[in-house]
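A short worksheet on the structure shown next.
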Amino acid sequence: MAITFADTHAHLYAEQFNSDRHIIIQKAINADVRYLFLPNIDSTTTPLLHDLITDYSRQCFGMMGLHPCHVQPHTYLQEIEKVKKLLFEKPYPYVAVGEIGIDLYWDKTTFLLQKEVFIQQLQWAKVLNLPVSVHCRESFNEVMECIEHVQDGSLRGIIHCFTGNIQEAQRVINAGFMIGIGGVITFKKSQSLRDAVAQTPLENIVLETDSPYLAPEPYRGKRNEPSYIPIIAATVARIKNYTITEVALQTTQNALRIFSVSC
């Protein structure tokens, strides 16, 4: 059986890929990472995002949203209006609303604005019947409270870069979401996350890189890329006592189902 992987979160438009973006995509394909899901950040990343999902329509699938770190008092109204226009006018085939959420690591002063914009984008996702890709750095409880508040059974998505414990993983699942597992699972000091993955059904897990960030071992500290997904998959397979083929099959199926992408 051929192995096919999905990277559910990769920033391939980032400047770190300016010199070899097309080579990186081909490396991913050669590594059997055939599905690349690209979250938006703000209006500065949108043009290249659109280029990628146009040029690689069978490999790259785009999302549209405003990242919480780019929710700033002087620009957020213009930025969120651009997101709304693109989502509802649909000039491109977006498969999700993202990357959205709350980040209390970089700037706590914008929390109320972040929360407002996050909830607004969650509501748009419900109206459009699209999943969401959620960022929750040092804000797990705040993010989950927003999701649980608006959840009516129609909201679905992924908690991107999940690094929590089993209780937090269960809360995500109870809310109708999946957990996105990336390179952190390969780090030596990730035992709590490994325990959570060990006890979480594979049906509730998707794989991601967050390229160019958070490269797995043995590339930690270097530029991450989608071709490293098999390393993450192999770690999940060891933790859960599955074969890498089983992990690839189920997690890719999960990704394609949540993003409504056909094989």
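The values are calculated or read from the model by the stated rules, or taken from the named source; none is laboratory data. As the structure is a prediction and not an experimental result, all values here were calculated from the model. Every residue, glycine among them, receives a Cβ derived from its backbone with ideal geometry; neighbour counts consider all protein chains shown.
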Check off (1) closer than 26 Å to residue 226 by Cα; (2) buried (at least 19 other Cβ atoms within 10 Å of the Cβ) for residue 173 and give me the number that stays unchecked. (2)
Checking residue 6 against (1) surrounded by fewer than 22 Cβ atoms within 10 Å (Cβ to Cβ); (2) of a type outside the set (D, E, K, R); (3) within 22 Å of residue 215 (Cα to Cα); (4) modelled with pLDDT of 95 or more: exactly one of these is not met. Which one? (1)
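Is at least one residue of segment 210-231 part of a strand (DSSP E or B) and within 24 Å of residue 105 (Cα to Cα)? Full working, then the answer.
Of all residues in segment 210-231, those part of a strand (DSSP E or B) come to 211.
Okay, now just the ones that are also within 24 Å of residue 105 (Cα to Cα), so 211.
Yes, some residue in segment 210-231 is part of a strand (DSSP E or B) and within 24 Å of residue 105 (Cα to Cα).
Taking segment 57-74 as the search range and keeping residues that are out of contact with any helix residue (DSSP H, G or I) (no Cβ under 6 Å at 6 or more places or on another chain) and part of a loop (DSSP other than H, G, I, E, B), which one is surrounded by the most Cβ atoms within 10 Å (Cβ to Cβ)?
Quick first cut of segment 57-74, residues out of contact with any helix residue (DSSP H, G or I) (no Cβ under 6 Å at 6 or more places or on another chain) only: 57-59, 61, 63, 67, 69-70, 72-74.
Still in the list and also part of a loop (DSSP other than H, G, I, E, B): 57-59, 67, 72-74.
Numbers: 57: 11, 58: 8, 59: 19, 67: 21, 72: 13, 73: 9, 74: 6.
The selected residue is 67.
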Where residue 259 falls short, out of the listed (1) farther than 30 Å from residue 125 by Cα; (2) among the aromatic types (Phe, Trp, Tyr); (3) within 14 Å of the chain's Cα centre (by Cα): (1)
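Taking the stated definitions as given, is residue 151 loosely packed, with under 15 Cβ neighbours inside 10 Å, over 18 Å from the mean Cα position of the chain (by Cα) and at negative phi?
Working: loosely packed, with under 15 Cβ neighbours inside 10 Å: no; over 18 Å from the mean Cα position of the chain (by Cα): yes; at negative phi: yes.
The answer is no for residue 151.
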Mind checking which residues of segment 246-263 are in contact with a strand residue (DSSP E or B) (Cβ under 8 Å, 6 or more places away or on another chain) and among the small types (Gly, Ala, Ser)? 248, 255
Residues being of a type outside the set (Lys, Arg) and assigned to a helix (DSSP H, G or I): count how many of those fall in segment 1-50. 16
Taking segment 180-199 and keeping only residues that are within 15 Å of residue 161 (Cα to Cα) and either touching a strand residue (DSSP E or B) at 6+ places or on another chain (Cβ under 7 Å) or among the aliphatic types (A, V, I, L, M) (or both), one is left with 180, 181, 184, 185, 193, 196, 197
If residue 98 passes every condition in (1) without any contact (Cβ under 8 Å) to a residue 24 or more places away in the chain; (2) within 21 Å of residue 135 (Cα to Cα) but one, which one does it miss? (1)
Quick one: residue 244 ticks every box in (1) surrounded by 24 or more Cβ atoms within 10 Å (Cβ to Cβ); (2) of a type in the set (A, V, I, L, M); (3) over 18 Å from the mean Cα position of the chain (by Cα) except a single one, so which number is it? (1)
